Amino acid sequence: MAELTNLESKLGEVVGLAMAAQEATKKVGALARAEKAPDLVEKLKQMQAEAKEAEQRGKEVAAGIDGKKTAILSEAREVKQKASEMMADYLDESADALDGFEFLTMAEAGEVGHWEILGTMNKRAGNTALRSYVAWGLPIQKRHLKDVREGSLKLAAEEDPNEPAA
């Protein structure tokens, strides 16, 4: 398999996180649905669709890098696996919607960081496809972080602070 540059590896990480985000929003959506939070469920559906589009667009960028698509997508699958394992550890059988949104807040913050790093690295590389990808995706990721943070705070405000923890 082809050896990746730092930039290509970072692209793989971004694509892998987009893959993982689809699973995470589905899982947290089920938790929010169980707690009858339809407004949060709708936000999560939108995030899931945008994560799918980020994955697709990232794969298209990877396909444009001669001889590296397979290696970039292998990196993406590894990152998705690691993120899925983290989610499974964090969101066990006792998890509720607030736990889910807390997890997504951490995950989305990580995604924003990865997208920003990809954009910064690409400033020196000058890949126009990557520049367009980051220009499209970074504002969406920042909105995702804002939305899950607001969702976390909304759910936290509904919690009884004096109730025993589950």
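Quick note: the coordinates plus some simple rules give every number you see, no bench work behind them. The shown structure was predicted, so the numbers you read here are calculated from the model rather than taken from an experiment. In this analysis, Cβ positions are derived from the backbone assuming ideal geometry, glycine residues included, and neighbour counts consider all displayed protein chains.
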_For a protection proxy built on the mean count of beta-carbon atoms within 10 angstrom, sort 58-69, 14-25, 81-92, 133-144 highest first, please._
14-25, 133-144, 58-69, 81-92
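Full extension from residue 36 to residue 88: what is 0.36 nm times the residue separation minus their Cα-Cα distance, to one decimal in nm?
Additional length available on full extension: 16.5 nm.
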*asked:* Quick check: the angle from helix 69-90's long axis to the longest principal axis of the chain, C-alpha only, nearest 10 degrees?
replied: 20 degrees
*Estimate the FRET efficiency between residue 132 and residue 1 by the formula 1/(1 + (r/R0)^6), using the beta-carbon distance for r and 41 Å for R0, to the nearest 0.05.*
0.95
*Degrees between helix 128-158 axis and first principal axis of the chain (Cα, 0 to 90, nearest 10)*: 10 degrees
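At a 10 Å Cβ-Cβ cut-off, how would you order 118, 4, fewest neighbours first?
Numbers: 118 24, 4 17.
Lowest to highest Cβ neighbour count: 4, 118.
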*Pull up all non-local amide H partners of residue 64: gap of 5 or more, or a different chain, and H-to-H distance under 5 Å with H placed in the peptide plane.*
none
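To the nearest 0.05, how large is the calculated FRET efficiency for residue 163 and residue 53 if R₀ is 30 Å and r is the Cβ-Cβ distance?
Efficiency for this residue pair is about 0.15.
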*Determine the distance separating the Cα centre of segment 109-166 from the Cα centre of segment 1-68; give it in Å without decimals.*
12 Å
*asked:* I'd like the orientation of helix 6-34 relative to the chain: the angle between its Cα long axis and the longest Cα principal axis, in ° from 0 to 90, rounded to 10.
replied: 20 degrees
*Rg in Å to one decimal, and Dmax rounded to a whole Å, for segment 1-149 via C-alpha atoms*: 15.4, 48
